[in-house]
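Chemist: Pasting a structure below so you can have a look.
The values are calculated or read from the model by the stated rules, or taken from the named source; none is laboratory data. Keep in mind that this is a model prediction, so the values were computed, not measured. Note: ideal-geometry Cβ built from the backbone for every residue, glycine included; neighbour counts use all protein chains shown.
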Amino acid sequence: MTIEEAIKTALVFERKVHALYETAAKNASDATAKKVFATLAQEEQGHVSYLESRLAEWQKDGRVSPEKLRTVLPSAQRIRAGVGRTRAGVSKEAASHDAELSSLYQALAAEDETSAFYIRMVRELPVEGQNLFSRFLEIEDGHGAIVQAEIDSVKRMGFWFDLKEFDLEAG
């Protein structure tokens, strides 16, 4: 795959994930879910804009510079470090959140698919392409952490950002 083909393919992935988050934000009934989906939609739109600018540069100059890819979200490491502060804001309503949960599972699958593509690009492309896509891997890790945390919260699995909140077997 060429760098141009990789950028065009990445745009397909990012537009798909953006549309998923945008729709989920509009349809969510839970305020926390709505905010999470809207933030992730904003993040994905930033990815689309970034990739469009890299594609334009490639088509004009035949090269792509590794401009810093910005994110509105903290790293996965910072997300996990903020577990205690974030836990207090999680909705604990007993109401069913089936629509949000369905959207979260779709989002997790889309994030996993997109990450797998970026992993492949970092492995297969020349250094210029590797530099372009390696930052996406860090950011997608954060997206996955957020989506998984929301799934765990909605399902009340006793986990928040992969950390155990309580132990059912403790006496």
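Chemist: Can you name the residue in the range 43-75 that is among the aliphatic types (A, V, I, L, M) and surrounded by 14 or more Cβ atoms within 10 Å (Cβ to Cβ) and is also nearest to residue 144 (Cα to Cα) among such residues?
Modeler: Result: 73.
Chemist: Condition first: surrounded by 15 or more Cβ atoms within 10 Å (Cβ to Cβ) and not in a helix (DSSP H, G or I). Now tell me which residues in the range 113-143 satisfy that.
Modeler: Once the filter is applied, which keeps residues that are surrounded by 15 or more Cβ atoms within 10 Å (Cβ to Cβ) and not in a helix (DSSP H, G or I), the range 113-143 yields only 125.
Chemist: State the number of residues belonging to the range 126-142 that are under 13 Å from the mean Cα position of the chain (by Cα) and free of Cβ contacts under 8 Å to residues at least 24 places away in the same chain.
Modeler: 1
Chemist: Another question, if that's okay. Report yes if residue 17 is part of a helix (DSSP H, G or I) and within 11 Å of the chain's Cα centre (by Cα), otherwise no.
Modeler: yes
Chemist: Taking the stated definitions as given, is residue 110 at pLDDT 80 or above, out of contact with any Cys (no Cβ under 6 Å at 6 or more places or on another chain), loosely packed, with under 13 Cβ neighbours inside 10 Å and part of a helix (DSSP H, G or I)?
Modeler: no
Chemist: How many residues does the range 1-35 contain that are β-branched (Val, Ile, Thr) and more than 18 Å from residue 131 (Cα to Cα)?
Modeler: 4
Chemist: Which residue is surrounded by the fewest Cβ atoms within 10 Å (Cβ to Cβ), if the candidates are limited to the range 23-42 and must be in a helix (DSSP H, G or I) and touching a Phe, Trp or Tyr at 6+ places or on another chain (Cβ under 8 Å)?
Modeler: Here the answer is 38.
Chemist: Filter the range 54-80 down to the residues that are in a helix (DSSP H, G or I) and within 19 Å of residue 114 (Cα to Cα), then identify the one that is modelled with the lowest pLDDT.
Modeler: Among residues in the range 54-80 that are in a helix (DSSP H, G or I) and within 19 Å of residue 114 (Cα to Cα), the one modelled with the lowest pLDDT is 76.
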